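K.L.:
Got a structure for you, questions after.
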Amino acid sequence: LSGGAELEKLVRGARAGDESAWGAIVDRSQALVWATTRAHRLPRASAADVAQTTGLQLVENLDRIKDPGIVARTRRSPELAWINSVKEDE
Amino acid sequence: MNQHDRKHEQLVDELRELFLKVDPVPPLVTQAAKAALDWRRLDAELAELLADSALDAESPALRRGARATLRSMSFSAGRLTIDVEIHGEGADRIALGQLSPPRRATIELQSADQVESTTVESDNLGRFRTKLPATGSIRLRVASDPAGANWVETSWIPL
């Protein structure tokens with residue numbers, strides 16, 4: 001399974017209330033959320049608030065995710081934008 | 001998926017590993033995010049955030065510390081608008097709200113850090129008032145009919 005197809009399956013599972021599917025999404029996305037907030041130099045307590053809110057908002061929007069792959073991709077994350085520049089230079 | 005995408009994903013995976021070593025996500029944070037699924041309710045319509053005074057100024061990173069005394073937000077779902085003002089600081093924080101069109105309704109305050117929710121009633125003019133937790137995220141659920149069969153809920157508000 002490619003990353004996108006696997007996530008699509010996980011998102012479908014989470015929509016149906018499958019805790020292990022949701023747990024897998026959290027494990028994949030929280031590392032990025034955490035790294036992003038920390039890159040903004042937010043203190044740990046504030047970064048924890050952001051991570052929690054991100055999780056809650058992801059849950060409330062589960063039914064509206066059109067492209068589940070985006071949850072794991074980082075192209076839209078400015079902190080990791082350099083990855084894209086690396087890619088473009090190839 | 002083309003080759004670039006694969007390389008991109010690989011790079012992201014490596015980077016994720018690196019971040020996990022240098023500054024791991026605290027277990028409590030992951031735990032809280034996993035618990036978020038319990039808040040998924042299929043009986044409610046989501047009221048979108050239309051405006052938040054906290055987002056008007058500069059970036060959130062810069063805003064921290066510059067204490068605004070009043071924060072106001074508006075949410076909307078169909079014909080219903082929910083305006084909320086947050087007054088005070090820390091443990092003394094309260095929310096003053098207004099339903100438009102004005103009506104009596106049951107309003108539930110949910111806090112992401114607490115299992116128990118609190119309930120208040122709005123008056124004839126659609127006004128309500130409730131104490132807020134000192135930290136964490138909250139949301140409001142408004143009964144959209146007297147029987148309480150249908151609910152409108154706001155998106156989560158980080159306090």
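K.L.:
Kindly indicate whether any position in the stretch B:119-139 is open to solvent by less than 10 Å² (accessible area, probe 1.4 Å), within 14 Å of chain A (Cβ to nearest Cβ) and of a type in the set (Ser, Thr, Tyr).
P.N.:
Yes.
K.L.:
Could you tell me how many of the residues in the stretch B:77-97 are open to solvent by 30 Å² or more (accessible area, probe 1.4 Å) and within 14 Å of B:Ala47 (Cα to Cα)?
P.N.:
4
K.L.:
All but one of (1) open to solvent by less than 20 Å² (accessible area, probe 1.4 Å); (2) not β-branched (Val, Ile, Thr); (3) not in a helix (DSSP H, G or I) hold for A:Gln30; which doesn't?
P.N.:
(3)
K.L.:
Counting residues that are closer than 19 Å to A:Ala47 by Cβ, among the β-branched types (Val, Ile, Thr) and at pLDDT 85 or above, which helices (runs of 4 or more DSSP H) fully inside the stretch B:12-74 reach at least 1? Steps first, please.
P.N.:
Working: elements: B:27-35, B:53-56, B:60-63.
Here the list reads B:27-35.
K.L.:
Follow-up. Look at the stretch B:85-139 and say how many of its residues are over 16 Å from A:Leu56 (Cβ atoms), touching a residue at least 60 places away in the same chain (Cβ under 8 Å) and assigned to a strand (DSSP E or B).
P.N.:
Looking only at that region, the number is 1.
K.L.:
Here is a follow-up. If I filter the stretch A:10-26 down to residues being in a helix (DSSP H, G or I) and exposed (fewer than 15 other Cβ atoms within 10 Å of the Cβ), which single residue comes out as farthest from the other protein chains (Cβ to nearest Cβ)?
P.N.:
Just the residues of the stretch A:10-26 that are in a helix (DSSP H, G or I), to begin with: A:10-15, A:19-26.
Among the residues that remain, those that are also exposed (fewer than 15 other Cβ atoms within 10 Å of the Cβ) are: A:12, A:19-20.
Details: A:Arg12: 14, A:Glu19: 6, A:Ser20: 10 Å.
Applying the filter and picking the extreme gives A:Arg12.
K.L.:
Moving on. Of the residues A:Asp27, A:Asp18, which is charged (D, E, K, R) and farther than 21 Å from B:Val22 by Cβ? If you could, list the steps in order and put the result at the bottom.
P.N.:
On the way: A:Asp27 fails: farther than 21 Å from B:Val22 by Cβ.
Going through A:Asp27, A:Asp18 in turn, just one is charged (D, E, K, R) and farther than 21 Å from B:Val22 by Cβ: A:Asp18.
K.L.:
Same structure, new question: What number of residues within the stretch B:1-35 are of a type outside the set (D, E, K, R), in contact with a Ser or Thr (Cβ under 9 Å, 6 or more places away or on another chain) and surrounded by 18 or more Cβ atoms within 10 Å (Cβ to Cβ)?
P.N.:
Of the residues in the stretch B:1-35, 3 are of a type outside the set (D, E, K, R), in contact with a Ser or Thr (Cβ under 9 Å, 6 or more places away or on another chain) and surrounded by 18 or more Cβ atoms within 10 Å (Cβ to Cβ).
K.L.:
Something else: Taking the stated definitions as given, is A:Asp49 at pLDDT 80 or above, farther than 20 Å from B:Val22 by Cβ, out of contact with any strand residue (DSSP E or B) (no Cβ under 7 Å at 6 or more places or on another chain) and in a helix (DSSP H, G or I)?
P.N.:
Numbers: at pLDDT 80 or above: yes; farther than 20 Å from B:Val22 by Cβ: yes; out of contact with any strand residue (DSSP E or B) (no Cβ under 7 Å at 6 or more places or on another chain): no; in a helix (DSSP H, G or I): yes.
So A:Asp49 does not fit the description; no.
K.L.:
A:Val50 fails exactly one of the following numbered conditions: (1) facing chain B (nearest Cβ under 7 Å); (2) open to solvent by 10 Å² or more (accessible area, probe 1.4 Å). What is the number of that condition?
P.N.:
So the condition that A:Val50 fails would be (1).
The values are calculated or read from the model by the stated rules, or taken from the named source; none is laboratory data. These numbers were taken from a predicted model, which means no experiment stands behind them. All Cβ positions, even for glycine, are placed from backbone atoms using ideal geometry, and neighbour counts span all protein chains on display. Side chains included, ligands, DNA and RNA excluded: accessible areas come from the protein's heavy atoms. Shrake-Rupley method; radii C 1.70, N 1.55, O 1.52, S 1.80 Å.
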